[in-house]
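Take a look at the structure set out below.
The values are calculated or read from the model by the stated rules, or taken from the named source; none is laboratory data. Every value quoted in this text rests on a predicted model; they were computed, and no experiment measured them. Don't worry about glycine lacking a Cβ; one is built from the backbone with ideal geometry, like all the others, and counts go over all protein chains shown. Accessible surface areas use protein heavy atoms only, side chains included; no ligands, DNA or RNA. Shrake-Rupley method; radii C 1.70, N 1.55, O 1.52, S 1.80 Å.
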Amino acid sequence: MSGQSITDRITAAQHSVTGCAVSKTVCKATTHEVMGPKKKHLDYLIHCTNEMNVNIPQLADSLFERTTNTSWVVVFKSLITTHHLMVYGNERFVQYLASRNTLFNLSNFLDKSGLQGYDMSTFIRRYSRYLNEKAVSYRQVAFDFTKVKRGVDGVMRSMNTEKLLKTIPIIQNQMDALLDFNVNANELTNGVINAAFMLLFKDSIRLFAAYNEGIINLLEKYFDMKKIQCKEGLDIYKKFLTRMTRISEFLKVAEQVGIDRGDIPDLSQAPSSLLDALEQHLASLEGKKVKDSTAASRASTLSNAVSSLASTGMSFTKVDEREKQAALEEEQARLKALKEQRLKELSKRPSFATTDTSPISTTGGTICTAPAIDLFSTPSCSNGAVKMQSDLFDLQSTFQPGSTGPPVATAWTGYSTPQAPLQQSAGGLQVDFESVFGANAVGSNSLNSDDISGGILKPTLAGSNQASGQLPDKLVSDDLDSSLANLVGNLGIGNGTMKNDMHWSQPGEKRMTGGTNWQPKAAPSTTWNPVSMPSSVMAFPATTPTGMMGYGMMQFM
């Protein structure tokens, strides 16, 4: 089966609809394609383990769910993805797996769809057992053996005797689970199992390096241990020799499948005389009779064994460092390629230059660089004097003191401005408003220069005088009693009759007044018959100003 199946596409689409990018990526990394998980999907999942807002249990559950599939390809790729995250992902992913009671329950897995399914099911069962043991080891020691610090001051070299005797068996169990994968070169026939083998190969190098340093620490402390501790230590060392043989066979398979010889560490066997020295020391502690051996000979044997194992550890460390350097160079090359690709994209992107067809283009493709006019700034002249550009006097012609004449047309169409005589005084320029708004013959009803600051325009009398354009010389008194008496006479209250021959008209629009030729608008006259009043009432003219009548009505109401 090759390519993504319909089921893979439907599952990925379902996760896209639900908006779960993690589950979608897990689905894409574990498709039915007979090939290892794609690097881009693995990198994304690694990035997710480093993000604090990603739900690690949900990620792990998505992987566990994929292992329930009946296809060996999907299950195998789910295990590979999990192993990859355990090695390269954030440590909290391993911590969560270690906190679970059960992980992969695939001891009875069998794909009966074909002959290849039968063969791959065997390796799936072995592989899942190793991942379970890897998580259990983390639960027991609270760290990953493949990621611990190595060297003279490393974790395994600095452990005390009691802790060392409890830790080394844990490493042995994990190493046994790894070596139980037991694959031959002719069985690595597809990309899925090859991807799993490469992860196991890298784990074997790091795990055996920690194992080797633990044995070195054990040998250095062996001759100072108690009898029961020496017995446990001797048993551990014998198992170590057996596993060294098995790891050498595993590395030969790696060499056969094409892994570079420089990436495979060299194993240096400890001298056989070391085992004899350890056994004789334990026998002496048990009270058995053994051949005599000097302390110098034992020290020499121990020194040779430690030197041999240390060289093996250095070889594993160099391989690990070389792998890290290769990974670093690969990452740098990848970043460089991404940078070059980004530069190419930017170079191909069209520039946003202004053209004649663009809405912001200017005539002829040029942009006006003239400074903008500041409407609120004060204009300046070359001679330092300020010229008033917007003066109210520009609305009329130049004033000439002491001159009068007809109105002169200005820039304001439809209006004319009379030339008013000017009088120059020490306080400033003064205008003769009497010559503009009429002579003083109109009496106190007309405006003069003293009425500008608060005078009230009073209504004029309606009658024949208005028709002729002349104003009466006598105004109605402002006495309240006289006004009320006049109002009673107008309404006909005295003789019980109501005069209905009064015609009211709405006052016309107010217009600006002024000038020698201005004539006040004549108000419509109201004709009514005067009513005879008692002698005690003051007599008033037969004609009453319309404005005064209006004011009296408002006060009465």
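Using the structure shown, decide if A98 is open to solvent by less than 70 Å² (accessible area, probe 1.4 Å), of a type in the set (G, A, S) and within 18 Å of A135 (Cα to Cα). Yes.
If you scan region 21-51, which residues turn out to be of a type in the set (A, V, I, L, M), in a loop (DSSP other than H, G, I, E, B) and touching a Lys or Arg at 6+ places or on another chain (Cβ under 9 Å)? If the condition is that a residue be of a type in the set (A, V, I, L, M), in a loop (DSSP other than H, G, I, E, B) and touching a Lys or Arg at 6+ places or on another chain (Cβ under 9 Å), then M35 is the only one that fits. For the structure I just gave you, tell me whether M198 is of a type in the set (A, V, I, L, M) and either at pLDDT below 90 or open to solvent by less than 30 Å² (accessible area, probe 1.4 Å) (or both). So M198 fails the test. Give me the residue from region 221-240 that is of a type in the set (K, R) and more than 13 Å from E286 (Cα to Cα) and, out of that set, surrounded by the fewest Cβ atoms within 10 Å (Cβ to Cβ). The qualifying residue surrounded by the fewest Cβ atoms within 10 Å (Cβ to Cβ) is K238. Among the residues of region 281-299, those identified as polar (S, T, N, Q) and at pLDDT below 75 are S293, T294, S297.
Within region 81-116, the set of residues being within 18 Å of R66 (Cα to Cα) and β-branched (V, I, T) comprises T81, T82, T102. When the residues of region 117-172 are filtered to those that are part of a helix (DSSP H, G or I) and of a type in the set (K, R), the one that is surrounded by the most Cβ atoms within 10 Å (Cβ to Cβ) is K134.
Matching residues to (1) of a type in the set (A, V, I, L, M, F, W, C); (2) under 21 Å from L178 (Cα atoms):
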{"position": "N194", "(1), (2)": "no, yes"}
{"position": "T242", "(1), (2)": "no, yes"}
{"position": "I264", "(1), (2)": "yes, yes"}
{"position": "S297", "(1), (2)": "no, no"}
{"position": "S300", "(1), (2)": "no, no"}
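Out of Y88, Y118, one residue alone is among the aromatic types (F, W, Y) and within 21 Å of K202 (Cα to Cα). It is Y88. Scanning region 66-107 for residues that are basic (K, R) and touching a Cys at 6+ places or on another chain (Cβ under 9 Å) gives a single hit, R66. Any chance region 61-69 includes a residue that's over 23 Å from E331 (Cβ atoms), among the charged types (D, E, K, R), in a helix (DSSP H, G or I) and at pLDDT below 90? Within region 61-69, not a single residue is over 23 Å from E331 (Cβ atoms), among the charged types (D, E, K, R), in a helix (DSSP H, G or I) and at pLDDT below 90. Cβ-Cβ distances below 6 Å connect the following pairs, each with a first residue in region 263-290 that is over 19 Å from E220 (Cβ atoms) and surrounded by 15 or more Cβ atoms within 10 Å (Cβ to Cβ), a second residue that is among the hydroxyl-bearing types (S, T, Y) and at pLDDT below 80, and a separation of six or more residues or different chains: P265/S315; L267/T312. The number of residues in region 35-45 being within 17 Å of I193 (Cβ to Cβ) and surrounded by fewer than 18 Cβ atoms within 10 Å (Cβ to Cβ) comes to 2. The residue pairs whose first member lies in region 131-153 and is closer than 29 Å to S307 by Cα and at pLDDT 90 or above, whose second member is among the polar types (S, T, N, Q) and open to solvent by less than 20 Å² (accessible area, probe 1.4 Å), and whose beta carbons are closer than 7 Å, counting only pairs six or more residues apart or on different chains, are S137/Q174; V141/T167; F145/S137; F145/Q174.
When restricted to residues that are touching a Pro at 6+ places or on another chain (Cβ under 9 Å) and under 16 Å from L199 (Cα atoms), region 234-269 contains 1. Do we find a residue being hydroxyl-bearing (S, T, Y), open to solvent by 20 Å² or more (accessible area, probe 1.4 Å) and out of contact with any strand residue (DSSP E or B) (no Cβ under 8 Å at 6 or more places or on another chain) anywhere in region 173-190? Within region 173-190, one or more residues are hydroxyl-bearing (S, T, Y), open to solvent by 20 Å² or more (accessible area, probe 1.4 Å) and out of contact with any strand residue (DSSP E or B) (no Cβ under 8 Å at 6 or more places or on another chain).
Pairs meeting the criteria (first residue in region 100-116 and touching a residue at least 40 places away in the same chain (Cβ under 8 Å) and over 18 Å from L63 (Cα atoms), second residue open to solvent by less than 40 Å² (accessible area, probe 1.4 Å) and in a loop (DSSP other than H, G, I, E, B), beta carbons under 8 Å, at least 6 apart or on different chains) are D111/S71; S113/S71; Q116/N190.
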